[in-house]
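FYI, it's all coordinate maths here, none of it is from the lab. Quick caveat: nothing in here was measured; it's all calculated off a predicted structure. For neighbour counting, all protein chains shown are included, and Cβ atoms are generated from backbone atoms with ideal geometry for every residue, glycine included.
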Amino acid sequence: MKLLIAENLQLWRGELHVLRGLSLAVDVGCCLQVTGINGAGKSSLLRVLAGLLPPEEGSVRWRDIDTRRDPYAFHSELAWLGHGTALKGDLSARENLRYSAGLRRELTPSMIDAALARVGFAHADQRLARQMSAGQQRRVALARVLLLDSTLWLLDEPTSNLDRSGQQMFTQLLEAHLDEGGLAVVATHQPLPLAAQRLQTLELT
Amino acid sequence: MKPPATGVVSPGKAGWRLVQRDLRLGLRRPGEWLQPLVFFLVVTTLFPLATSPELSRLRDMAPGALWVAALLSSLLALELLFREDGQDGTLEQLAVSGLPLPWLLLAKTCVHWLMTGLPLVLAGPLVATALGAPYASIPGVFAALLLGSGALSLIGAVGAALTLGLHRGGVLLALLVLPLAVPVLIFGARATSLAIAQDPMTAPMYLLGAIAVLSATLAPLAAAAAVRISLE
């Protein structure tokens, strides 16, 4: 079942025609990997899908309803991770998650600890976010994606700054999400070692 | 297919959590909210030094000094309202959270007022007394500042949201906000001078209240629209 469908997306950024009549459809349990050279419009496409950037033409449909007609229903099933990790430097990892994912879902401390453990973040780590390395901040941001428990993941370069074990960890998280019947659109240059039937690719030129 | 997420938080509670987060962040960075207060105190104490220490003349100037200082110090604090959240991606997350964005921005603006506006409201009567206002005028000065500073924070939120995408938006922010803030300045200063003269101050207070209510209803909607444009 194709829950996320985009049709004939046209997007201009200034003088640049970024998306030229792009269409895509993502199946339940499938991941769409978006690749392309820098500046090809990967981030723009993800922002259009998320509803942050209105396209000049075309539509994005979630569960067969235009996402601009009912953005709240769409967004309540969306986990978005952009370039910014949206972590507050003066809060610890736990506090950051409590006040970000916690805006949308009731979280218990054990749920937060479990999510941090899944992204390989040490249990006893009490550091503030600004004292963490960029890779560790990414891990915490991925923990937020897990905690939101959303059907659709839209992730822009989720593995940037992650080390090799971090990239493996991300693949495992993605597999588990797809196993549960989730969908994902991921913009990344890293190969995603997923089974062929659940990986679609889209190369932007 | 994946079942929907459990334990969904109501918008009211989400706003309250955002308030808690911003308060906690503010307490960890006292410099940010102390700066406008210090500015306010410095400007108002410099006034008698630059003009005349004669109490009767100071009393005439007190409302003007108080309100100009309050307006400028609230402008000074405005830039901090959304800038960091815009840069680190927090506003993006809020915009796609499935929660009503105007409501979340109102929550953020309330905290901003608590950290930067309320200290001025509390310090205002003290400053007015130092400038020669009688003690009996303290409740009036306090009430006028309470309504006025709230309106200033709300009006300023729209300007802060509009200048979000600019690197050095400070000057533009001032240009955008000042014309809208001038009525608050006029009626606030008028109410304060009536309070100091111990005359009835109902008329300017009603107008201040009207501005505050109007900005509380419209400013969050305008700020949300501006944030969405800035995020594009």
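A cut-off under 12 angstrom between Cβ atoms defines the neighbours of B:S193, and their net charge, with Lys, Arg +1 and Asp, Glu -1, is 0. Using every pair of distinct Cα positions in chain B, the Kirkwood expression returns a hydrodynamic radius of 18.5 angstrom. Projecting label points 7 angstrom from Cα along Cα→Cβ for B:L23 and A:N8 puts them 5.2 nm apart. The distance from the alpha carbon centre of the stretch B:123-175 to that of the stretch A:146-193 is 46 Å, rounded to a whole number.
Calculated FRET efficiency, B:L114 and B:T45, Cβ-Cβ r, R0 25 Å, to nearest 0.05? Let's see the in-between values first.
Working: r = 24 Å, r/R0 = 0.97.
E(calc), rounded to 0.05, equals 0.55.
Where a Cα-Cα gap under 30 Å defines reach, which lysines qualify for B:K13, not counting those fewer than 8 residues away within the same chain? Within the straight-line limit of under 30 Å, B:K13 reaches these lysines: A:K88, B:K2, B:K108. If R0 equals 41 Å, the separation of the Cβ atoms of A:T171 and B:Q35 corresponds to a calculated FRET efficiency of about 0.30. When only Cα pairs below 8 angstrom with a gap of at least 6 residues are kept, chain A shows a relative contact order of 30 percent. Over chain B, with a Gaussian network built from C-alpha contacts below 10 Å, which listed residue (B:A95, B:A157, B:A144) shows the highest mean-square fluctuation? So, out of B:A95, B:A157, B:A144, the one fluctuating most is B:A95. Its convex hull of Cα atoms gives the stretch B:1-139 a direction-averaged projected area, equal to a quarter of the hull surface, of 10.9 nm². Let me check against my output: what whole-number percent is the relative contact order of chain B, with C-alpha pairs under 8 Å and at least 6 apart? Relative contact order for chain B comes out at 26 percent. Site pair B:L178 and A:D64 shows an inter-label distance of 5.7 nm when each label is modelled 7 Å from Cα along Cα→Cβ. Peptide A:103-110 shows a mean partner chain C-beta count of 5 within 10 Å per residue C-beta.
With θ taken as phi - 60° and the Karplus curve 6.51 cos²θ - 1.76 cosθ + 1.60 applied, the whole-hertz 3J(HN,Hα) list for the stretch A:188-203 is 7, 8, 5, x, 9, x, 9, 4, 4, 6, 10, 10, 9, 10, 9, 9 Hz, x standing for glycine and proline. With Cα atoms as the point set, the radius of gyration and Dmax of the protein assembly as shown evaluate to 25.2, 86 Å. Label-to-label distance for B:A197 and A:E15 is 6.2 nm, based on points extended 7 Å past Cα in the beta-carbon direction.
With contacts taken as Cα pairs under 8 Å at a separation of at least 6 residues, the stretch A:1-117 carries a relative contact order of 23 percent. Counting only residues at least eight positions apart within a chain, or on another chain, the aspartates and glutamates with an alpha carbon under 19 Å from that of A:K42 are A:E7, A:E15, A:E56, A:E57, A:D156, A:E157, A:E203, B:E92, B:E232. Taking a ≥ b ≥ c as the square roots of the eigenvalues of the alpha carbon gyration tensor, chain A is prolate, as a/c is not under 1.5 and a/b beats b/c.
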